[in-house]
Amino acid sequence: MTIGVWEPAKGAAEQGLSLDDLKAYAVLTDGALENLAASLTAAQISDDGRLMRLDEAPWQVATALSDEELIGLVRFFTLAEMQLPGWDGGKQSPVIYLVRILKQRGAFTPVLRQWVKTNTDNRYLPNGALL
C-alpha cells in the first residue's frame, strides 16, 4: 500500500506571479493592447500564458494594486486571451479574479463590463461560471 505525500499549496511567489510583472502589464497603452504580440517579448508570450490558468489564491497579490492598475490588467488579460496563442483562460481567466477585487472596492463599472463583453468570446467573462 502506498501513502501519498501532502505538499502545501504554492504561494504567489512560488507560482511566479510577480507584482512587478503585473504592474508592467497594467500600464500597456491602448496602442500596445491592439497588437500584444508586438508589445511583448517572445519569452513573455511563451512563459506567461500559464498565468491564465492559475487558481484564484495567487491573484490576491493584486489587491495591492490601484484601481487603475487593476482595470489595466482586466483589459490586458481580456485581449491577451484573444490575441496570444496559449493564453486561453476559460473559467480560470484572471479577468474573473481581478473583477472580483474591483467589485469588492466598488470600482467595477458598467462601462468596463461592456468593454470586456465586447472584446472577448470567453463566455465566462467577466463574472465567472454561474455555479
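Points worth noting:
- In region 15-38, residue modelled with the lowest pLDDT [restricted to those that are surrounded by 17 or more Cβ atoms within 10 Å (Cβ to Cβ) and part of a helix (DSSP H, G or I)]: LEU33
- Long-range neighbours under 7 Å by Cβ, at least six apart or interchain, first residue within 15 Å of GLU81 (Cα to Cα) and touching a residue at least 12 places away in the same chain (Cβ under 8 Å) within region 32-60, second among the aromatic types (Phe, Trp, Tyr) and buried (at least 17 other Cβ atoms within 10 Å of the Cβ): LEU33/PHE76; GLY49/TRP87; MET52/TRP87
- The set of residues from region 56-72 being among the aliphatic types (A, V, I, L, M) and either assigned to a helix (DSSP H, G or I) or under 13 Å from VAL95 (Cα atoms) (or both) comprises ALA57, VAL61, ALA62, ALA64, LEU70, ILE71.
- Residue satisfying condition, being in contact (Cβ under 8 Å) with a residue 12 or more places away in the chain, surrounded by 14 or more Cβ atoms within 10 Å (Cβ to Cβ) and either in contact with a Cys (Cβ under 6 Å, 6 or more places away or on another chain) or more than 16 Å from GLY128 (Cα to Cα) (or both), within set ILE101, ILE96, ILE71: ILE71
- Scoring MET52 on the criteria (1) of a type outside the set (Ser, Thr, Tyr); (2) within 18 Å of ASP20 (Cβ to Cβ); (3) touching a Phe, Trp or Tyr at 6+ places or on another chain (Cβ under 7 Å) leaves a single failure, condition (2).
- Pairing residues of region 110-131 that are at negative phi and outside any helix (DSSP H, G or I) with residues that are aromatic (Phe, Trp, Tyr) and buried (at least 18 other Cβ atoms within 10 Å of the Cβ), at Cβ distances under 9 Å and at least 6 apart in sequence or on separate chains, gives PRO126/PHE108.
The values are calculated or read from the model by the stated rules, or taken from the named source; none is laboratory data. All figures in this text were calculated on a predicted structure; none of them were measured in a lab. Cβ coordinates were reconstructed from backbone atoms using ideal geometry, including for glycine residues, and neighbour counts include every protein chain displayed.
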